[in-house]
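Report on the structure given below.
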């Protein structure tokens, strides 16, 4: 319930500031798990991906976001799991695998906000190999203009999101090779 309320409030707020265009929403299955991997150029990206996807999503987010008790409570109650970056956080990875047995999970392979696609994490490859959940991707344009790094308020602009599905992942590839393929596909959209 809280997830849907937040999704609606975020959508209405962003519609006040932005023209929003989305392509590929119809690709998502109506039920079952999937991995949704997206580029990450703004703090708005998790909100944008979630509000434009027709399904309720689960997320991995840096644990520093949970330090404020009220904000941490909100994140926990809208399906966000804290992740220790730079470590193999096995507890969270086990939970992510469990979520992917039934529900969709969002992951940002870049690991942090970045315009570059050169530095990415192999976690998306790990999760795919462990779960065989279908992989969808999102490429977000314009969120870095609407909420630039360091800005505290939204600016008028245009946001475009393109969703696609990754086909024919080679199960024998390494985690890194799978993640690289996903990143390349995101980059190409």
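A few notes on this one:
- Filter result for residue 81 (in a strand (DSSP E or B), surrounded by 16 or more Cβ atoms within 10 Å (Cβ to Cβ), touching a strand residue (DSSP E or B) at 6+ places or on another chain (Cβ under 8 Å) and without any contact (Cβ under 8 Å) to a residue 24 or more places away in the chain): yes
- Restricting attention to segment 66-89, the residues that are in contact with a helix residue (DSSP H, G or I) (Cβ under 9 Å, 6 or more places away or on another chain) and modelled with pLDDT under 90 add up to 6.
- Answer from 114, 143, 122 - the residue that is modelled with pLDDT under 90 and either surrounded by 21 or more Cβ atoms within 10 Å (Cβ to Cβ) or closer than 28 Å to residue 30 by Cα (or both): 122
- Checked against (1) in contact with a helix residue (DSSP H, G or I) (Cβ under 8 Å, 6 or more places away or on another chain); (2) within 30 Å of residue 167 (Cβ to Cβ); (3) not in a loop (DSSP other than H, G, I, E, B), residue 46 passes all but condition (1).
- Considering only residues in segment 159-173 that are surrounded by 13 or more Cβ atoms within 10 Å (Cβ to Cβ) and over 16 Å from the mean Cα position of the chain (by Cα), the one that is farthest from residue 11 (Cα to Cα) turns out to be 173.
- The set of residues in segment 151-189 being in contact with a helix residue (DSSP H, G or I) (Cβ under 8 Å, 6 or more places away or on another chain) and without any contact (Cβ under 8 Å) to a residue 12 or more places away in the chain consists of 170 alone.
- Flag for residue 144 being touching a helix residue (DSSP H, G or I) at 6+ places or on another chain (Cβ under 8 Å) and not in a strand (DSSP E or B): no
- From the options 100, 57, 65, residue that is under 23 Å from residue 187 (Cα atoms) and either surrounded by 14 or more Cβ atoms within 10 Å (Cβ to Cβ) or in contact (Cβ under 8 Å) with a residue 60 or more places away in the chain (or both): 57
- Counting the residues of segment 23-43 that are more than 15 Å from residue 137 (Cα to Cα), surrounded by 15 or more Cβ atoms within 10 Å (Cβ to Cβ) and either without any contact (Cβ under 8 Å) to a residue 60 or more places away in the chain or in contact with a helix residue (DSSP H, G or I) (Cβ under 8 Å, 6 or more places away or on another chain) (or both) gives 1.
The values are calculated or read from the model by the stated rules, or taken from the named source; none is laboratory data. This one's a predicted model, so the numbers in the text were calculated from it and none came from an experiment. Using ideal geometry, Cβ is built from the backbone for each residue, glycine included, and neighbour counts are taken over all protein chains shown.
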